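Just below is one structure, and these are the notes that go with it.
The values are calculated or read from the model by the stated rules, or taken from the named source; none is laboratory data. Remember, predicted model here, so these are calculated numbers, not experimental data. So basically every Cβ, Gly included, is an ideal-geometry build from the backbone, and we count neighbours across all protein chains shown.
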Amino acid sequence: MPEKTNKVLVGLGVIILRKDGKVLIGKRKGKFVPEYSIPGGHLEVGETFEEGASREVKEETGMTIKNPKVVSVSNNLETYKKTGRHYISVNLLVTEFSGEPKVMEEDKCEGYAWCDPKKVPEPHFEASRRGLEMYFNGKKQVG
């Protein structure tokens, strides 16, 4: 498990929504959170949310996204209780993209699939689950 931190961290989650209504879900691997999740990661110093989302999706999947829009924010206390790391997650929606998802970080992800957002695979990463639930249920924040 990663070291506990006394700082609140900012995470990004990217809901990539295909025309058929399915969303891109990856199977994460590693010690921190080996769970299913939408693409995402940390916001870097000096980045906008949109820049961070574009960078993370490119790094993780090789895909290029266009016009990401912030749709919700969550305060992920379940993750804090499990890992000692407190994240606020900013979730963005993307409906315009190019390329097919590929595993670009083999040490962090086993693979990707297009899934029904109402029936995502489990176990599912808290920030991703909350982001999907908020978007598809019309909520802006959960905390």
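Within the range 62-116, the residues that satisfy the criterion of being of a type in the set (Phe, Trp, Tyr) and closer than 24 Å to Lys22 by Cβ are Phe97, Tyr112, Trp114.
Within the range 40-82, track down each residue that is surrounded by fewer than 19 Cβ atoms within 10 Å (Cβ to Cβ), among the polar types (S, T, N, Q) and outside any loop (DSSP other than H, G, I, E, B). Across the range 40-82, the qualifying residues are Thr64, Asn75.
Given the structure, is Ser54 in contact with a Phe, Trp or Tyr (Cβ under 9 Å, 6 or more places away or on another chain) and small (Gly, Ala, Ser)?
On the way: in contact with a Phe, Trp or Tyr (Cβ under 9 Å, 6 or more places away or on another chain): no; small (Gly, Ala, Ser): yes.
For Ser54, the condition - in contact with a Phe, Trp or Tyr (Cβ under 9 Å, 6 or more places away or on another chain) and small (Gly, Ala, Ser) - is not met.
For residues in the range 92-143 being assigned to a helix (DSSP H, G or I) and surrounded by fewer than 16 Cβ atoms within 10 Å (Cβ to Cβ), which is modelled with the highest pLDDT? Checked the range 92-143; the qualifying residue modelled with the highest pLDDT is Phe136. Selection of the range 37-56 for residues being touching a helix residue (DSSP H, G or I) at 6+ places or on another chain (Cβ under 7 Å) and either more than 13 Å from Pro68 (Cβ to Cβ) or at pLDDT below 95 (or both) yields Ser37, Gly41, Glu44.
Conditions tested, residue by residue: (1) of a type outside the set (Val, Ile, Thr); (2) touching a Gly at 6+ places or on another chain (Cβ under 9 Å); (3) in contact (Cβ under 8 Å) with a residue 24 or more places away in the chain; (4) closer than 12 Å to Gly26 by Cα.
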site: Glu78; (1), (2), (3), (4): yes, no, yes, no
site: Phe97; (1), (2), (3), (4): yes, no, yes, no
site: Met104; (1), (2), (3), (4): yes, yes, yes, yes
site: Trp114; (1), (2), (3), (4): yes, no, yes, yes
site: Arg129; (1), (2), (3), (4): yes, no, no, no
site: Met134; (1), (2), (3), (4): yes, no, yes, no
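Within the range 1-36, the only residue that satisfies the criterion of being farther than 20 Å from Val70 by Cα, modelled with pLDDT of 95 or more and exposed (fewer than 14 other Cβ atoms within 10 Å of the Cβ) is Asp20. Please verify whether the range 15-22 includes one or more residues that are in contact (Cβ under 8 Å) with a residue 12 or more places away in the chain and within 15 Å of Cys109 (Cβ to Cβ). There is at least one residue in the range 15-22 that is in contact (Cβ under 8 Å) with a residue 12 or more places away in the chain and within 15 Å of Cys109 (Cβ to Cβ).
Listed by first and then second residue, the pairs with beta-carbon distance under 9 Å, at least 6 apart or on different chains, first residue in the range 53-71 and hydroxyl-bearing (Ser, Thr, Tyr), second in a helix (DSSP H, G or I), are Thr64/Ser54; Thr64/Val57; Thr64/Lys58. Checked against (1) touching a residue at least 40 places away in the same chain (Cβ under 8 Å); (2) within 21 Å of Arg130 (Cα to Cα), Gly41 passes all but condition (1).
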